[in-house]
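Structure record follows, encoded as structure tokens.
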Amino acid sequence: MDRADSVIDDNLVLVVEDSEVDREAIDRALSRSHPELVLEFLPDGNTVLDRLRDQSRPRPSLMFLDLSMPGVDGYGVLSSVRADTTFADLTIIVLTSSTTSADIDRCYAAGADSYIYKPVNFALFRTVLQGAVDYWHSLPPSTP
């Protein structure tokens, strides 16, 4: 089986986030609103491609990606994933604290599907995550 034949799990969400506090907030927010989702967390961008290429495990259909991380940052992950056409069907949502237009433009230019600012207020954070998952899961699958 090659990478293109890997099973895609529509309920699997890969979360690439170095902050333990943010990982816990994402887990709390989505486990309440979308209990069917399985969240898989990676603490940095160094192993994202290895994880996506692992044929022994299902591939996620959605990834939340932080920008500011040690090692390979979010921009590096985004560029690497989008450079591999095998992962063209992976929805990538940048979830970050940066609101600068340069960061937003750079992410969309590199292939991000969505760019979401991390609100400090948990209730708003939960609402934003729920809305993003609801939107991207409601779209019909695209053909790469």
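The values are calculated or read from the model by the stated rules, or taken from the named source; none is laboratory data. The structure displayed is predicted, hence computed values, not measured ones. For neighbour counting, all protein chains shown are included, and Cβ atoms are generated from backbone atoms with ideal geometry for every residue, glycine included. Just so you know, the surface numbers come from the protein's heavy atoms only, side chains and all, with ligands and any DNA or RNA stripped out. Shrake-Rupley method; radii C 1.70, N 1.55, O 1.52, S 1.80 Å.
See the values below:
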| item | result |
| --- | --- |
| Check: the chain dipole with +1 on Lys, Arg Cβ and -1 on Asp, Glu Cβ, in debye | 200 |
| Full-extension gain in nm, residue 53 to residue 116, via 0.36 nm per residue minus C-alpha separation | 20.1 nm |
| Of all accessible heavy-atom area on the chain, the percent that carbon and sulfur account for (1.4 Å) | 52 |
| Heavy-atom surface of the chain, accessible at 1.4 Å and reported per residue (Å²) | 50 |
| Helix-only [θ]222 nm of the chain, DSSP H runs n ≥ 4, -39500 (n - 2.57) each, per residue, nearest 500 | -12000 deg cm²/dmol |
| Farthest positive-ward along the chain dipole, Cα basis, beta-carbon charges - from 67, 100, 7 | 100 |
| Descending Cα extents along the principal axes, the chain, whole Å | 44, 33, 27 |
